[in-house]
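Asker: Input: one structure, supplied below.
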Amino acid sequence: MKVMIRRSPESGLSIYVPKKDLEEPVVEAEHETLWGGWVRIANGWVLELPPMAADTRLPITVNARKRGDEEDGQ
């Protein structure tokens with residue numbers, strides 16, 4: 001699914017999912033740079049992000065994959 005990742009002074013990193021009209025803050029990330037790992041957003045979803053350069057500028061729209069509950073393991 002397409003998601004937009006941006007940084008705001010109030011909430012830090014957030015993810016917007018246009019098809020769901022959903023915006024949630026990132027509460028946990030596998031990697032400090034975000035890219036190539038998973039992120040957990042406030043509603044509990046875990047999204048796999050594509051590998052990208054650590055200095056990728058935000059905001060950016062990327063294809064992310066939502067993990068199913070059975071894959072989460074945490």
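The values are calculated or read from the model by the stated rules, or taken from the named source; none is laboratory data. Computed from a prediction, not measured in an experiment: that's the story for all the values here. As a convention, Cβ positions derive from the backbone with ideal geometry for all residues, glycine included, and neighbour counts pool all protein chains shown.
Asker: Under the condition of being polar (S, T, N, Q) and in a loop (DSSP other than H, G, I, E, B), which residue from the stretch 1-37 is farthest from Asn63 (Cα to Cα)?
Answerer: Within the stretch 1-37, the match that is farthest from Asn63 (Cα to Cα) is Ser11.
Asker: Report, by residue number, each residue of the stretch 1-22 that is surrounded by fewer than 13 Cβ atoms within 10 Å (Cβ to Cβ) and either charged (D, E, K, R) or closer than 19 Å to Glu48 by Cβ (or both).
Answerer: Listed by number, the residues that qualify are Met1, Lys2, Arg7, Glu10, Pro18, Lys19, Lys20, Asp21.
Asker: Restricting the stretch 51-74 to residues that are small (Gly, Ala, Ser) and at pLDDT 95 or above, which is surrounded by the most Cβ atoms within 10 Å (Cβ to Cβ)?
Answerer: Filtering the stretch 51-74 for residues that are small (Gly, Ala, Ser) and at pLDDT 95 or above, the one surrounded by the most Cβ atoms within 10 Å (Cβ to Cβ) comes out as Ala64.
Results for (1) closer than 14 Å to Lys66 by Cβ; (2) at pLDDT 95 or above, shown as yes or no for each residue.
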| position | (1), (2) |
| --- | --- |
| Arg7 | no, no |
| Glu10 | no, no |
| Ile15 | yes, yes |
| Trp35 | no, yes |
| Val39 | yes, yes |
| Ala42 | no, yes |
| Trp45 | yes, yes |
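Asker: Also: Residue by residue through the stretch 38-50, note down the ones that are loosely packed, with under 14 Cβ neighbours inside 10 Å and within 14 Å of Ile5 (Cβ to Cβ).
Answerer: The answer is Pro50, and nothing else.
Asker: For the stretch 1-28: of the residues being in contact (Cβ under 8 Å) with a residue 12 or more places away in the chain and small (Gly, Ala, Ser), which is nearest to Val46 (Cα to Cα)?
Answerer: Ser14
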